[in-house]
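The values are calculated or read from the model by the stated rules, or taken from the named source; none is laboratory data. All figures in this text were calculated on a predicted structure; none of them were measured in a lab. Positions of Cβ are backbone-derived with ideal geometry, glycine not excepted, and every protein chain shown enters the neighbour counts. Heavy atoms of the whole protein, side chains included, go into the accessibility calculation; ligands, DNA and RNA do not. Shrake-Rupley method; radii C 1.70, N 1.55, O 1.52, S 1.80 Å.
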Amino acid sequence: MSSNARDPNLPVYDSVEVAEHYAGLSYLTPCEQHMFESHVRVGARVLEIGVGGGRVSGYLLQRASSYTGVDYAPKMVDACRRKYPAADFRVADASDLSGFSAGSFDTVVMAFNTIDYLVADSRRAHCLSEVRRVLTPAGVMIFSSHNPRAVLVSPSWNRQRLRSMATRVGRGRPLRSKLIYGGLTGARATLAVVQAAVNSARRVIQRFPTRTFWHGEGYLFDSVHGGLRTHYWIPSHCIADLASYGFRVLEVQGDDRSGREHPLFTDWYYYAFAAPLGREAK
């Protein structure tokens, strides 16, 4: 039986509904924008692992001299091929990159927590070994990963949406629009605080009793798309594990680069690692 056959997350990602959802996305988070601009050299040979629906592929295609995207869900790959028909997309598992020779790429990207959905631990270990092999010496790997200790949720809302609504209702009258905006903001802020408190309480109840929270690494159940088994680790564990493969950390950033990087608030961290100069096996 293949590793994919035992993967509980593959049926979710290879469903029509989930593939269509991701195919409709095309954006970079603020942290992705920063990490790519800082660590993906213009003209680099790029491998993107776990392309999903090609959300960041368009940006990487423009920046790279050559680009290859892989995903283990065939429906995701089909969606990417429809979206970018001239690009090289392949069905491949992150833990088996045998289709690529050693030193084929300058940069490997695993966007938006791809590495966390490699189940079980052996697949993640094989992935790291394979990434090290296909990278050039001192090449760069960029990925993001969930933080198990993120139990507090900050209140948030779309201020621009409220401003547009106030302008529309105020019919172009600045004073009226300003008053409406103030009222809408007060109401929405109150609702956001309540929602954040409820979500924070839910996370505390779900995560505090787990070994993953206290140990700083392990698996938790993520209810997104009906349920995914998800790996979490705190930065110190991630950096130590990657160091055991010879990777050297270049940069760590909290999810949205807002400056709010307290470990109880940061849902995930973005990492950039330099590959080892040698190719010795672990």
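A few remarks follow.
- Carbon + sulfur, % of accessible area of region 38-166 - ligands and nucleic acids excluded, 1.4 Å: 52 percent
- Share of pairwise Cα separations in region 123-187, more than 14 Å, in percent: 72 percent
- Near Val109, the amide H atoms lying under 5 Å from its own belong to Leu47, Glu48, Ile49, Ile142; only residues 5 or more places off or on other chains count, and H is placed 1.01 Å from N.
- Note on Asp78: accessible area is roughly 70 Å² with a 1.4 Å probe, heavy atoms of protein only.
- Note on region 4-100: Cα-Cα pairs beyond 24 Å make up 20% of the total pair count.
- Contour excess over end-to-end distance, with Cα ends at Arg82 and Arg6 and 0.36 nm allotted per residue: 24.5 nm
- Extension gain, Ser26 back to Gln206 (0.36 nm per residue minus Cα-Cα distance, nm): 61.6 nm
- Region 147-282: radius of gyration over Cα atoms, expressed as a fraction of 2.2 N^0.38 Å: 1.47
- The sum of -39500 (n - 2.57) across all DSSP H runs of n ≥ 4, divided by the residue count of the chain, sets its helix-only mean residue ellipticity at 222 nm to -12000 deg cm²/dmol.
- Given (1) 16.9; (2) 15.9; (3) 18.4, the label whose value is mean projected area of the Cα convex hull in nm² derived from this model: (1)
- Rounded to the nearest 20, the size of the Cβ-charge dipole of region 188-242 about its Cα centre is 260 debye, with Lys and Arg at +1 and Asp and Glu at -1.
- Average accessible surface for the chain: 48 Å² per residue, computed with a 1.4 Å probe over protein heavy atoms with every protein chain in place.
- Peptide packing for 157-165, 111-119 was compared via the average number of neighbouring C-beta atoms within 10 Å per residue; ordered from the highest value, the list is 111-119, 157-165.
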